[in-house]
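Below: one structure, written as structure tokens.
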There are 2 protein chains.
Amino acid sequence: MIDNLDYKILEILQKDNLTPQREIGDKIGLSAPAVQRRIKKLRDEGIIEKDISIIDRDKIGSNVTVLVEIFLERKKIEEIDLLKKEFSCVPEIQQCFHITGESDFFLVMVVPSMTYYESITRTLFFGNENIKRFRTSVVMGISKNSLEIPLNVSL
Amino acid sequence: MIDNLDYKILEILQKDNLTPQREIGDKIGLSAPAVQRRIKKLRDEGIIEKDISIIDRDKIGSNVTVLVEIFLERKKIEEIDLLKKEFSCVPEIQQCFHITGESDFFLVMVVPSMTYYESITRTLFFGNENIKRFRTSVVMGISKNSLEIPLNVSL
DNA sequence: AATGAAATGAGAGCGCG
DNA sequence: CGCGCTCTCATTTCATT
């Protein structure tokens, strides 16, 4: 269904999706239209979810990144789904992981200040009776920040 | 230096960087060349870090996402920097946060299996004498996964 | 069914006023 | 900044294997 050439294309696009199709073709030994057809298929099938620009958060106003671990009172699937949906709507929440272990959710958040974070916790966490407690870590530095999937293909 | 129109452009590009410049121009009330000049400036200044395709990890082989919290023995800046550099080279590590609080690092990793993860921990964590202990959480589901920065601009 | 070559069309890039 | 040009690149068509 998805062969080695597709993997090679994905490997290139997840590093730089503005790479010309002809250039991709040269690298993997295919013509530009062939590459184009494969990319279209990958998009149609949702294997390529989206195409985005990554913004340097340090160069754009003052932003604080915080990590939040959340411990729930009740862990029924309906309650989990409810929280997922609620968190998804909050723009300050970049990433939301539902996890196993001691805690139940893990969030990566970006806020303009700690004061702002404090105020947002009041409604988002303290205001939710199903959240038993939460633990906040402040990020000092980000040395790697990508969503690249390891594909193990060589160009 | 960077005005409201730039913010609006960033807001669009961080959702979809394949949006035509003319379409962006229509939305924010600018001509296509003007948009292009601004985008070029944003790229040159590194405010736009990179442009990438996001791949759906669930549709591409079997992948397990794990979160790792790391507690260090010594927390000198040289030791921190050394670890940052080491972690950055590991393709399975998507994100590496240096944090304050009880623990020192937080990693988001993507691995083909838990067996693979177990073997990678042997060299990466157990093999490092500065890592006191680490705590692993397995991700059951990801309900939000973006690197969008909240910009608070309305289109 | 998937490919490559050639033709078409859309969009990026650049100089001009 | 907008206008209009040029050129690159994406996309379609079509013949071929």
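Throughout, read-outs are computed from the coordinates displayed, never taken from laboratory work. Note that the structure is a prediction, hence the values are computed from the model and not measured. Backbone-built Cβ (ideal geometry, glycine too); neighbour counts: all protein chains shown.
Restricting to segment A:5-45, count the residues that are exposed (fewer than 14 other Cβ atoms within 10 Å of the Cβ), among the acidic types (Asp, Glu) and within 12 Å of DNA strand C (Cβ to nearest atom).
Number satisfying all stated conditions: 1.
Restricting segment A:17-48 to residues that are of a type in the set (Asp, Glu) and under 26 Å from the mean Cα position of the chain (by Cα), which is farthest from DNA strand D (Cβ to nearest atom)? Write out each step before concluding.
Within segment A:17-48, the subset of a type in the set (Asp, Glu) is A:23, A:26, A:44-45.
Now drop any that are not under 26 Å from the mean Cα position of the chain (by Cα), which leaves A:44-45.
Values: A:44: 11, A:45: 15 Å.
Only one residue fits best here, namely A:45.
Name every residue in segment A:15-46 that is among the small types (Gly, Ala, Ser) and assigned to a loop (DSSP other than H, G, I, E, B), in order of residue number. Before you say what the answer is, go through the steps one by one.
Step one: of segment A:15-46, the residues among the small types (Gly, Ala, Ser) are A:25, A:29, A:31-32, A:34, A:46.
The answer is A:29, A:31, A:46.
Looking at segment B:126-143, I want the residues that are of a type outside the set (A, V, I, L, M) and have a partner that is surrounded by fewer than 16 Cβ atoms within 10 Å (Cβ to Cβ) and assigned to a strand (DSSP E or B) with Cβ atoms under 6 Å, at least 6 apart or on another chain. Which pairs are those?
B:132/B:71; B:133/B:71
Check off (1) in contact with a helix residue (DSSP H, G or I) (Cβ under 7 Å, 6 or more places away or on another chain); (2) touching a residue at least 40 places away in the same chain (Cβ under 8 Å); (3) at the interface with chain B (Cβ under 8 Å from one of its Cβ atoms); (4) surrounded by 19 or more Cβ atoms within 10 Å (Cβ to Cβ) for residue A:48 and give me the number that stays unchecked.
The failed condition is (2).
Residues of segment B:64-90 being within 7 Å of chain A (Cβ to nearest Cβ) and either of a type in the set (A, V, I, L, M) or more than 15 Å from the chain's Cα centre (by Cα) (or both), which ones?
B:67
So, in segment A:5-44, exactly how many residues are within 21 Å of residue A:147 (Cα to Cα) and in contact with a Ser or Thr (Cβ under 7 Å, 6 or more places away or on another chain)?
Within segment A:5-44, residues that are within 21 Å of residue A:147 (Cα to Cα) and in contact with a Ser or Thr (Cβ under 7 Å, 6 or more places away or on another chain) number 4.
Examine segment A:5-14 for a residue that is free of Cβ contacts under 8 Å to residues at least 40 places away in the same chain, within 11 Å of DNA strand D (Cβ to nearest atom) and not in a loop (DSSP other than H, G, I, E, B), and state whether such a residue exists.
yes
Which one is surrounded by the most Cβ atoms within 10 Å (Cβ to Cβ) among residues in segment B:93-102 that are of a type outside the set (Val, Ile, Thr) and farther than 15 Å from residue A:145 by Cβ? I'd like the intermediate steps shown before the answer.
Kept after step one, since they are of a type outside the set (Val, Ile, Thr), are these residues of segment B:93-102: B:94-98, B:101-102.
If we keep only those that are farther than 15 Å from residue A:145 by Cβ as well, we get B:101-102.
Working: B:101: 12, B:102: 9.
Here the answer is B:101.
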